[in-house]
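Since the structure comes first, as structure tokens, the remarks are kept for the end.
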Amino acid sequence: MKVLLVYPEYPVTFWSFDYALKFISKKAAYPPLGLLTVAAMLPDDWEARLVDLNVEKLKDADLKWADYVMISAMLIQKKSVSNILLRCRSLGTKIIAGGPLFNSTPDEYVDLVDHLILNEAELTLPPFLADLRAGIPKKVYRTNGFPEMNLTPTPRWDLIKIEKYATLMIQCSRGCPFDCEFCDITALYGRRARVKNADQLIKELQAIYDLGWRNSVFIVDDNFIGNKGKIKKMLPRLIQWMQTYHYPFQFITEASINLADDDELIELMAEAGFNRVFIGLETPSEESLEECSKHQNRDRNMVAAIKKLQAAGIQVLGGYIVGFDNDDEGIFHRQIKFIQESGVVTAMVGLLNALPKTKLWQRLQAENRLRFDVTGDNTDGTINFIPSMDRETLIKGYRKIVRTIYSPRFFYRRACKFLEYYQPRRKSQMQDHTMKTFLKSVFYLGIVGNGISQWYFWKMVCKSLLFHRKLLPDAITLMIFGYHFRKVSKRV
């Protein structure tokens, strides 16, 4: 059996880093971890190839070669998915589909693909493969169960060229104990955080180390600390491995704000090499936090929590939302103030959108407020329901936030505040492309950039050399990110 795994193209978004990738000569920010993992579950006698449309083109010859095309995607890749499905059908290539997009809206695709493998592949892929072998494959495979993570194999890294990507990825756990109204994680993966064992994690790290990778690794858990007990038991093994190999990686992950309450966990993560964590901060409005059931963020000084983490060597990347029913027109100024005071340089501000299967979707559907399909990109200036605030006022206020916080002056001030508090655990590992990246930043940001951007670039370089010399690589990275974020904000 010959199977072609196809990963659809991402549009330009906040997290795509398209405008930043040219500085480090990479094609895409992240590889298709889900498809690489599914590939490892296929029979040994199957011949597998993978095409990631974010780094290469999909040729008709690729589709004609395959007996089956396996496709996985997220909501934001919907347009690219449609194009791929059309091409497959025109060539008569059979399609097997799964992943978040198809799990969220299976009815939309049941007649467009040959087989839907829903939920988590550890449980639904084996019966499909057995039926296919027997010649009786069904249209749809689904389950209500959640598999333990010890069933998950090491991804097939041999199917891609890792040098084309800025960051590699590993998944340590699935599920989240919290149940925020707007989030679809609990609907997809449940509220019990299921965690891989330490041997699995080390095996996966060893695999990418042996491939020669010496850069950032994104632990893509939706809440890395969802099961604190198991994570605390795992981290000492991770620390030991990192020390043995002289810290070849820097880890990025996602976590909830209550990480700041646990000094032991902060210490373990920092010592293990975690230097960036994305946290859903959402809003400074207590009423809106209550509305969306973001109870872990309530009744706390979030700015103090952020500064505590950054002082421990863990840079906080923040997610923010406007458009809650409790938001009034003052929220735009409050969000700008909140973001600037926190020193969160990478601040993703999005308009609230209702994702399928979430509690928010169900509530708004009952209130007859849903109006459009969700795009999957909450930073594109669209909203798929009737908000309490006047729609145009909300969108105009949202644009004001993103264009303000990513203006050169506001961005520079926030970066300076971050550098004042940030105390990295160890010196940044210098990569082969560091000097080339620096020279490109000098050219694109310091020479050919517009006047005000040039001024703040050189101001940042000079300030870093004078007061934060060890953090100069971090400062340059932030300025490159700022360039990308300004480009994206202008598209809203």
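Dipole check for segment 2-141: with +1 at the C-beta of Lys and Arg, -1 at the C-beta of Asp and Glu, and the Cα centre as origin, the magnitude is about 440 Debye.
Per residue of the chain, what 222 nm ellipticity follows from adding -39500 (n - 2.57) for every DSSP H run with n ≥ 4, rounded to the nearest 500?
Per the formula, -12500 deg cm²/dmol.
Projected onto their three principal axes, the Cα atoms of segment 101-254 cover extents of 51, 36, 26 Å, largest first. Where the alpha-carbon atoms of segment 149-421 are placed on the principal axes, they occupy 57, 42, 37 Å, in descending order.
Around the Cα centre of segment 149-421, unit charges on the Cβ atoms of Lys, Arg, Asp and Glu (plus for the first two, minus for the last two) sum to a dipole of about 560 debye. The fewest-to-most ranking of 241, 458 by surrounding Cβ atoms within 10 Å reads 458, 241.
What is the antiparallel percent of DSSP beta bridges lying wholly in the chain, to the nearest 5? Antiparallel bridges: around 5 percent, rounded to the nearest 5.
In terms of overall dimensions, the C-alpha atoms belonging to segment 2-141 reach 51, 30, 29 Å along their principal axes, ordered largest to smallest. Of 424, 144, 51, which is farthest towards the positive pole of the chain's charge dipole, taken about the Cα centre with +1 and -1 on the beta-carbons of Lys, Arg and Asp, Glu respectively? Projecting each Cα onto the dipole axis, the largest value belongs to 424. One equal scatterer on each Cα of segment 180-327, no solvent, Debye formula: the resulting log10 I(q)/I(0) at q = 0.16, 0.19 Å⁻¹ is -0.90, -1.19. Its Kirkwood hydrodynamic radius, worked out from the mean inverse distance over all distinct Cα pairs, puts segment 368-442 at 16.6 Å. Counting only residues at least eight positions apart within a chain, or on another chain, the aspartates and glutamates with an alpha carbon under 13 Å from that of residue 78 are 9, 108, 373, 377.
Peptides 67-79, 119-131 ranked from most to least packed by the mean count of surrounding Cβ atoms within 10 Å: 67-79, 119-131.
At a Cβ-Cβ separation cutoff of 4.7 angstrom, cysteine residues of the chain with no neighbouring cysteine are 88, 172, 176, 292, 416, 462. The slack in the chain from residue 396 to residue 438, taken as 0.36 nm per residue of separation less the alpha-carbon distance, amounts to 11.5 nm. An ellipsoid equivalent to the chain, defined through the eigenvalues of its Cα gyration tensor, has semi-axes of 35, 27, 24 Å when rounded to whole angstrom and sorted largest first. Under 5 Å from the amide H of residue 13 lie the amide H atoms of 18, each residue being 5 or more positions distant or on a separate chain, with H modelled from the backbone and absent for Pro and chain starts. Taken over segment 434-489, the percentage of Cα pairs per 10 Å bin, counting from 0 up to the bin with the maximum distance, is 25, 59, 16, 0.
Throughout, read-outs are computed from the coordinates displayed, never taken from laboratory work. Owing to the predicted nature of the structure, the values given are computational and were not obtained by experimental measurement. All Cβ positions, even for glycine, are placed from backbone atoms using ideal geometry, and neighbour counts span all protein chains on display.
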